[in-house]
């Protein structure tokens, strides 16, 4: 299995659970505040690392307690943190998350140290021995493009998750080998020119487009969700893992739906991700 490199965000998730989401101007009672390790890129790296992947994370945190929390959580999953910079005088990125009784969530992000990441933080030699690069849109598009260019030059497969969704340069799509979007993002994006893609459909599974082959629908694993925070990142990390191992895109997606389902059955993001043995037991049950 080749190395996975993930470039992007690390956030402290500030999580409150409540019966339902508040209406504008309304105040509701919630649970005690939980501060948990998160950030889309850190989540993706941890998901792949806990499943046995060899993973390198490139990003930035602040010189504060939340930064230490994140670095410890990522390292505990076996992820290499040499390229996770610690910025003095800058707060670690945060995500304010509300989770309702159905396990759905709302998220507001403050970039913090993630906003300080520059293309200079992505050295070309970071891709030596790598097979897959994982990208999302929680850091500067200049950083995302620099990573994609360096990976393409090194012959590394570029796996891009267009989340949080927004307009991106056509160059990024041209550099992307595998695109990961949900069904609403796919409609908004329209024709994109990426020949290999996975469109996730929540509880309905996903649809895989692999070049000229007919689209393949992959069914979801049915669960009663507890918290859907970070499930998409678990899916992304699992796809990266299996692509790094040489799987087809369809087989990678079939594996990833199980990982995403497992994550939905437990609270939090990184804390909900399975090891290989936990996933095996879950899928046998």
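Nothing in this text is a laboratory measurement; each read-out follows from the coordinates by a stated rule. None of these values were measured; they are calculated from a predicted model. Neighbour counts are summed over all protein chains in view; Cβ atoms, including those assigned to glycine, are modelled from backbone coordinates with ideal geometry.
Brief remarks follow.
- Extension gain for the segment residue 276 to residue 142, taken as residue separation times 0.36 nm less the Cα-Cα distance, is 44.8 nm to one decimal.
- Among 114, 182, 11, the largest mean-square fluctuation in a Gaussian network model of the chain, built with springs joining Cα atoms closer than 10 Å, belongs to 182.
- A Förster radius of 35 Å combined with the Cβ-Cβ distance from residue 2 to residue 108 puts the calculated FRET efficiency at roughly 0.45.
- Here the alpha carbons of the range 167-230 define both size measures, Rg and Dmax, at 13.3, 40 Å.
- For the range 148-165, backbone nitrogen atoms closer than 19 Å to the point 7 Å from residue 21 Cα along Cα-to-C-beta are found at 163-165.
- Of all the options 260, 190, 93, the one that moves most in a Gaussian network model of the chain with Cα springs shorter than 10 angstrom is 190.
- Among 113, 146, 102: highest mean-square fluctuation, GNM of the chain, C-alpha pairs under 10 Å: 102
- When semi-axes √(5λ) of the Cα gyration tensor in Å is calculated for this entry, the matching label among [x] 37, 27, 14; [y] 26, 24, 18; [z] 35, 22, 17 is [y].
- Percent antiparallel among DSSP beta bridges (both partners in the chain, rounded to 5): 35 percent
- Full-extension gain in nm, residue 213 to residue 124, via 0.36 nm per residue minus C-alpha separation: 28.7 nm
- Share of Cα-Cα pairs in the range 184-274 lying beyond 19 Å, as whole percent: 40 percent
- Segments 191-197, 236-242 sorted - mean Cβ within 10 Å per residue, highest first: 236-242, 191-197
- Computed FRET value (nearest 0.05) for residue 101 with residue 283, which takes r as the C-beta separation and R₀ as 25 Å: 0.40
- Its DSSP H runs of at least 4 residues, each contributing -39,500 (n - 2.57), put the calculated 222 nm mean residue ellipticity of the chain at -9500 deg cm²/dmol, to the nearest 500.
- Computed packing ranks the peptides 24-33, 158-167, 204-213 as 158-167, 204-213, 24-33, most packed first, by mean other Cβ atoms within 10 Å.
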